[in-house]
Structures are given as structure tokens and as C-alpha cells.
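Just below is one structure, and these are the notes that go with it.
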């Protein structure tokens, strides 16, 4: 089975993050599709998802906004959930996507709302 170019890029970035990661930080993983964007905070030691937020929820879908505005709403929602769980420091895992456009907007909005990465 041959691994695709996108998968190789994703594994390369994730492995770099996991090598330098410490036990006091979690990984914030971003997934972007053509219409939606989602983010989740993952504990790699226990292999569990702690928090997640997606633009595919009824709350965000009902607002009829652009894709860029959806990413800011997802970031605000995730930051609120993280504050409730007292998570402020994470490693940003952009996956196979460039740090550009909606991914960058999501990261900037998370920083505005108190996340550090």
C-alpha cells in the first residue's frame, strides 16, 4: 500500500510536533474541508480527544456566514471550552494545510482568546 503525498506531509508534521511536545501541553489539531473547518485538542499520551469544535454544528450553520467567519466562530467556541477546562498552552498542528487563509484565521482568533502556542 502506497502512502499518498498528503498523508506523508501530515505524518511528517505530526511527528515533529510529537517529538518536541512535553507532558504539560496538548496538541490542537485542525481539519479543513471545502465547506467546513474543525479543531480538536488531543492528549497524545492517553490517545483521547479532550475538546472539539466544528462548523458543522447547528449553532454555527444557522448563522449563514462565510467560510472565513465560520473559522473565527469555531475558534471562539473552542477557546471558551478550553478556558472552562483550564487549558491555555497547546501545540498547533496544522496537518497537511498551509498556515494561510482559514487555518491562519483560526489560529489568530485562538490567540486573541487566550490560547498560547
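The values are calculated or read from the model by the stated rules, or taken from the named source; none is laboratory data. This structure is a prediction, so every number in the text was calculated from the model and none was measured. Don't worry about glycine lacking a Cβ; one is built from the backbone with ideal geometry, like all the others, and counts go over all protein chains shown.
Taking the range 15-32 only, how many residues are within 14 Å of the chain's Cα centre (by Cα) and under 15 Å from residue 99 (Cβ atoms)?
6
Give the residues of the range 1-44 that are free of Cβ contacts under 8 Å to residues at least 60 places away in the same chain, under 20 Å from residue 114 (Cβ atoms) and assigned to a loop (DSSP other than H, G, I, E, B), sorted by residue number.
22
Quick check on the range 88-100. Is at least one of its residues closer than 25 Å to residue 11 by Cα and at pLDDT below 90?
Looking for residues that are closer than 25 Å to residue 11 by Cα and at pLDDT below 90, one finds at least one in the range 88-100, hence yes.
What number of residues within the range 39-59 satisfy the criterion of being buried (at least 19 other Cβ atoms within 10 Å of the Cβ) and over 24 Å from residue 90 (Cα atoms)?
0
Within the range 21-38, which residues are over 16 Å from residue 92 (Cβ atoms) and either modelled with pLDDT under 90 or touching a strand residue (DSSP E or B) at 6+ places or on another chain (Cβ under 7 Å) (or both)?
Step one: filter the range 21-38 for residues over 16 Å from residue 92 (Cβ atoms), giving 23, 33-36.
Answer for the range 21-38, where residues must be over 16 Å from residue 92 (Cβ atoms) and either modelled with pLDDT under 90 or touching a strand residue (DSSP E or B) at 6+ places or on another chain (Cβ under 7 Å) (or both): 23, 36.
Failed condition for residue 18, given (1) surrounded by 11 or more Cβ atoms within 10 Å (Cβ to Cβ); (2) modelled with pLDDT of 90 or more, with all others met?
Unmet for residue 18, out of (1) surrounded by 11 or more Cβ atoms within 10 Å (Cβ to Cβ); (2) modelled with pLDDT of 90 or more: (2).
Could you check residue 109 against (1) in a loop (DSSP other than H, G, I, E, B); (2) under 13 Å from the mean Cα position of the chain (by Cα); (3) without any contact (Cβ under 8 Å) to a residue 40 or more places away in the chain and say which number it fails?
With (1) in a loop (DSSP other than H, G, I, E, B); (2) under 13 Å from the mean Cα position of the chain (by Cα); (3) without any contact (Cβ under 8 Å) to a residue 40 or more places away in the chain applied to residue 109, the lone miss is (1).
Might you check whether a residue that is under 15 Å from the mean Cα position of the chain (by Cα) and part of a strand (DSSP E or B) occurs anywhere in the range 65-82? Write out each step before concluding.
So in the range 65-82, the residues under 15 Å from the mean Cα position of the chain (by Cα) come out as 68, 70-82.
Subset that is part of a strand (DSSP E or B): none.
Scanning the range 65-82, I find no residue that is under 15 Å from the mean Cα position of the chain (by Cα) and part of a strand (DSSP E or B), so the answer is no.
Scan the range 79-117 for residues that are out of contact with any helix residue (DSSP H, G or I) (no Cβ under 7 Å at 6 or more places or on another chain) and crowded, with 16+ Cβ neighbours inside 10 Å and jot them down.
82, 87, 90, 103, 107
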